[in-house]
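Notes to accompany the following structure.
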Amino acid sequence: MTVDEIDYTTGLPVDVAYNVKATVAQEIFERELRRYRALSAQAVDGLEGHTDLVYDETSGERLDVWGIDGAPRPALIVIHGGYWKALSRHDATFMARVMADVGVATVAVDYTLAPQASLQEIVRRCGPPSHGRTGPGRITGWTPIRSSSPDLLQVGT
């Protein structure tokens, strides 16, 4: 086993250390995942937005934008969980309604899962264009809110 295959925080093989399914019984994991997905679906039900927007023509990567009202507004960019190898943008919108209620759009981004893409490639694709990368900002109109903080973005509608 090489150094790259060992998680330095636990000393366990990466496949074991990053296998959340192995931490609980399968039925508990599946129940919680169903609940997580249901909360996300409930949060965006009836919420104004755009879905299935392709942000990378080569890979076909897509995103959804929720909680828009026709004017530029701050945006929370959500990179879904799943240890880079599971889940999707549809599983990670549970906060969209709360964010919309306070004037913040939610941009839920999908990415090619590992091992089909490396972590470096996943991060490159998901990053905002203000960092010189292509990504979701190309179609959502991300712009820095103030020049001193390129990571604070707003989304155009």
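Some observations on this one:
- Answer from A100, A92, A75 - the residue that is under 10 Å from the mean Cα position of the chain (by Cα) and surrounded by 18 or more Cβ atoms within 10 Å (Cβ to Cβ): A92
- Residue within region 3-26 that is modelled with pLDDT of 85 or more and either under 16 Å from the mean Cα position of the chain (by Cα) or farther than 21 Å from P115 by Cα (or both) present: yes
- Residue list for region 51-105, filter: part of a loop (DSSP other than H, G, I, E, B), at positive phi and either in contact with a strand residue (DSSP E or B) (Cβ under 7 Å, 6 or more places away or on another chain) or basic (K, R) (or both): G60, G67, G103
- Y111 being under 30 Å from V14 (Cβ atoms), part of a loop (DSSP other than H, G, I, E, B), modelled with pLDDT of 85 or more and aromatic (F, W, Y): yes
- Taken over region 61-72, the criterion of being surrounded by fewer than 21 Cβ atoms within 10 Å (Cβ to Cβ) and out of contact with any Asp or Glu (no Cβ under 9 Å at 6 or more places or on another chain) is satisfied by A71, P72.
The values are calculated or read from the model by the stated rules, or taken from the named source; none is laboratory data. Keep in mind the model is a prediction, meaning the values are calculated, not measured. Reconstructed Cβ throughout: ideal geometry from the backbone, glycine too, with neighbour counts over all protein chains shown.
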